[in-house]
Each structure stands twice: as structure tokens, then as C-alpha cells.
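Participant: Structure in C-alpha cells, see below.
The values are calculated or read from the model by the stated rules, or taken from the named source; none is laboratory data. Nothing here was measured: the structure is a model prediction, and the numbers come from that model. Note that each Cβ is placed from the backbone with ideal geometry, even for glycine, and that neighbours are counted across all protein chains shown.
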Amino acid sequence: MTRRAGYSLFEVLIAFAVMTMVLTALLPRQAGLFSRVAQVDERQLAQDFAYSRLDRLGVSDPLQPGITVQAYRDWRLTQTVTETVLPGASEITAVRILIEIASRSGARLARAETLRAVP
């Protein structure tokens with residue numbers, strides 16, 4: 001009995017079964033990976049926005065003490081500006097600026113803080 005070149009139907013079905021099992025194991029993990037990448041991208045964008053907002057304060061935006069809450073994208077931006085006197089230097093007033101960005105669900109995405117001396 002001579003054998004022809006090529007694969008039998010049984011061999012092809014086994015190959016498809018093995019490939020299906022491998023893809024079934026890999027696809028859910030790939031979906032989870034894409035979800036984590038999207039979360040990291042959103043956190044990085046929020047952090048960049050917080051630092052940009054921090055740099056803008058006192059330059060193009062007025063630096064006024066108080067708490068400001070704003071909505072931007074799907075985020076809640078909380079800006080806190082408080083005046084303090086530095087210990088040991090009663091003539092120097094400092095301003096503490098805190099910017100926090102939270103998602104719609106309330107999870108904190110970014111936080112930026114600085115202390116500036118005000119004449």
C-alpha cells in the first residue's frame with residue numbers, strides 16, 4: 001500500500017483541536033492585558049494633566065486659597081490651595097498646592113503636590 005503526500009482528514013482535525021485549545025487559553029489573558037494597558041494609559045494621562053495644572057497655577061491661573069472641584073473628561077479634579085507659615089521663618093508665607101484626580105468610580109488616578117513660597 002502506497003501513501004500519498006499530504007495530511008489525512010484526521011490529522012487536520014487534530015491540528016485544529018490543538019489550535020483551538022491554545023487559542024482558548026490565550027485569548028482571555030490577552031483581553032486582560034489590553035484592559036490593564038488602558039488603565040495604565042489613563043493613569044499616565046491623568047498624572048500628566050495634574051502636573052500641567054500644577055505648573056499653570058500662579059502663572060496663567062490665579063493662585064487663590066481654597067478647594068476647587070471640577071469635572072474634566074470622566075474625571076473629578078480636586079485642587080486644594082492652602083497658605084501656611086514656614087516654621088522658623090515668620091516673614092515667609094508658603095502655599096501648599098495639592099491636585100488630585102479621581103475616576104468616575106472614585107478611584108484615585110493621579111496626585112501632584114508642591115509647596116511654593118509667596119512674598
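Participant: Which residue pairs have Cβ atoms closer than 7 Å, lie 6 or more positions apart in sequence or on different chains, and pair a first residue in segment 90-107 that is under 17 Å from Leu45 (Cα atoms) with a second residue that is of a type in the set (Lys, Arg)?
Facilitator: Listed pairs, sorted by first residue: Ile99/Arg53; Glu100/Arg108; Glu100/Arg111; Ala102/Arg76; Ala102/Arg108.
Participant: Still on this model: Taking segment 48-72 as the search range and keeping residues that are modelled with pLDDT of 90 or more and loosely packed, with under 10 Cβ neighbours inside 10 Å, which one is nearest to Thr114 (Cα to Cα)?
Facilitator: In this case the residue turns out to be Gly66.
Participant: Now a separate question. Please find, among Thr82, Thr20, Thr78, the residue that is surrounded by 10 or more Cβ atoms within 10 Å (Cβ to Cβ) and either of a type in the set (A, V, I, L, M) or in contact (Cβ under 8 Å) with a residue 24 or more places away in the chain (or both).
Facilitator: Being surrounded by 10 or more Cβ atoms within 10 Å (Cβ to Cβ) and either of a type in the set (A, V, I, L, M) or in contact (Cβ under 8 Å) with a residue 24 or more places away in the chain (or both) holds for just one of Thr82, Thr20, Thr78, which is Thr78.
Participant: Sort out which residues of segment 97-115 are within 11 Å of Leu54 (Cα to Cα) and surrounded by 13 or more Cβ atoms within 10 Å (Cβ to Cβ), and write them in order of number.
Facilitator: Step one: of segment 97-115, the residues within 11 Å of Leu54 (Cα to Cα) are 97-100, 111-115.
Within segment 97-115, Ile97, Leu98, Ile99, Glu100, Arg111, Ala112, Thr114 qualify.
Participant: Here is a list of conditions, (1) farther than 16 Å from Glu113 by Cα; (2) of a type in the set (Ser, Thr, Tyr); (3) modelled with pLDDT under 85; (4) not in a loop (DSSP other than H, G, I, E, B), and Thr24 meets all of them except one; can you say which number that is?
Facilitator: Result: Thr24 passes all but (3).
Participant: I'd like to check something: does segment 82-90 contain any residue that is at pLDDT 90 or above and among the hydrophobic types (A, V, I, L, M, F, W, C)?
Facilitator: Within segment 82-90 (the criterion being at pLDDT 90 or above and among the hydrophobic types (A, V, I, L, M, F, W, C)), the answer is no, since none of the residues qualifies.
Participant: Please specify each residue of segment 69-119 satisfying the condition of being among the aliphatic types (A, V, I, L, M) and over 18 Å from the mean Cα position of the chain (by Cα).
Facilitator: The initial filter retains those residues of segment 69-119 that are among the aliphatic types (A, V, I, L, M), namely 69, 71, 77, 81, 85-86, 89, 92, 94-95, 97-99, 101-102, 107, 109-110, 112, 115, 117-118.
Correct list: Val69, Val81, Val85, Leu86, Ala89, Ile92, Ala94, Val95, Ile97, Leu115, Ala117, Val118.
Participant: Looking only at segment 34-67, which residues are of a type outside the set (A, V, I, L, M) and more than 17 Å from the chain's Cα centre (by Cα)?
Facilitator: Asp55, Arg56, Gly58, Ser60, Asp61, Pro62, Gln64, Pro65, Gly66
Participant: I'd like the full set of residues that are touching an Asp or Glu at 6+ places or on another chain (Cβ under 6 Å) and of a type in the set (D, E, K, R), limited to segment 59-116.
Facilitator: Arg104, Arg111 - these are the residues of segment 59-116 that are touching an Asp or Glu at 6+ places or on another chain (Cβ under 6 Å) and of a type in the set (D, E, K, R).
Participant: Find the residue count for segment 38-66, including only residues that are within 11 Å of Ile97 (Cα to Cα) and without any contact (Cβ under 8 Å) to a residue 60 or more places away in the chain.
Facilitator: Residues meeting the conditions: 8.
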